[in-house]
Amino acid sequence: MGLYVCVHGRSADFVGCTFAAYRPKPKNAVYSAAETPGIWKPITQGDSVVRLRNLVAPLLSSLLLVGCASAPKLSSIKGTLPPLSSDQARIYFYRAYRFGEAYQPEVTVNGQVVGKAQMEAVFFRDYPPATYKISTSMAQGKHLVLDLAAGETKYVRLTYRIGFDVYPELVDRATGEAESEDLSYTGAMFPTQGFTPAYVAEEPKDGPRAFFRDPFIENLTGEWDITRTIRGKVVHNKASAAWVLNHQFLQLHMTDVSSPPAYEAIVLIGYDHEAREYIAHWCDVFGGRFSAIGRGKLLNNSVAFTFTYPDGPFINTFTWNPKDRTWTSYMENVSSSGVRQFFAEDTYRHGR
């Protein structure tokens, strides 16, 4: 039993050939002209297999590359791409060489599909500072763990290796820029009109799989002694912080040092990936009416959370001080005229 393919003309001439069928036929079967417009040839071992491979491979390659053919070169549009936000990092994913062109697996970041390892193509994604695991559906265990800081740009080359695997590897920026500038841009964010990218992956979504892994907020975990300056007085409080709810929030539990405490608050700090904002759900002994949600963006090791209360806005700016590994929380009321007025300042030091 063999594999049959319809070939027009001479067996060595594959120009203009078409596939009538792939199906086994009896050894001595007779084919009518109506059944096939060409000549049936049995594919057996030896040089016939080579001829079939030579026929199929170019056709598969042309089909796989058709999406990239009309895409603009990265070098021609790079100046018009969205600028990198100061609180984000950017990763360029690219595949520069035509090896293993029949294999173009999906690319994943923390388990989410963000694109495909297409031939001679490049795309990028922006992420908040955190640690990310980059892989492909054909990586065969060769994953890349990448720590991103705000303002960084990284280049990840998608490399084919004999053995039918495509895996990610980090390259330096100079190498990445040189190898990717003449590749076809296939990302979802493109400035040219009338161009449909060959593969458009959705941006990372919020939800149970979009874990909040953030090296900036990670610095807030642990036990803390708090010194508060308020109305000319200095008072002492304490706090503990730990990840909760499937690593979606950092829970900050604050109390004063009285027994029982006169003041207590539970703050859930999370991240809105779509809005690219930190969120703080502040609940304390003042009850539901005075609970609030604050939002803010990371800027120079600080997040200024703006809360809206019944008596007006309130701003609490959390700042990480890496030299002495302390936090400050600078709190301000906002008047009806928009003037910010000092309310209190907390200094967090690791408790013993």
Do we have residue 246 as surrounded by 14 or more Cβ atoms within 10 Å (Cβ to Cβ) and either touching a strand residue (DSSP E or B) at 6+ places or on another chain (Cβ under 9 Å) or modelled with pLDDT under 95 (or both) here? no
Got at least one residue in region 266-281 being surrounded by 15 or more Cβ atoms within 10 Å (Cβ to Cβ), in contact with a Ser or Thr (Cβ under 7 Å, 6 or more places away or on another chain) and modelled with pLDDT of 90 or more? no
Over 11 Å from residue 119 (Cβ atoms), outside the structural domain of residue 181 (by TED's automatic domain parsing) and either in contact with a strand residue (DSSP E or B) (Cβ under 8 Å, 6 or more places away or on another chain) or at pLDDT below 65 (or both): does that describe residue 84? no
Select from region 307-352 the residues that are surrounded by fewer than 17 Cβ atoms within 10 Å (Cβ to Cβ) and touching a Gly at 6+ places or on another chain (Cβ under 9 Å) and write down the one among them that is modelled with the highest pLDDT. 333
Those residues of region 314-335 which are more than 22 Å from residue 221 (Cα to Cα) and among the charged types (D, E, K, R), in sequence order: 332
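The values are calculated or read from the model by the stated rules, or taken from the named source; none is laboratory data. All figures in this text were calculated on a predicted structure; none of them were measured in a lab. Positions of Cβ are backbone-derived with ideal geometry, glycine not excepted, and every protein chain shown enters the neighbour counts.
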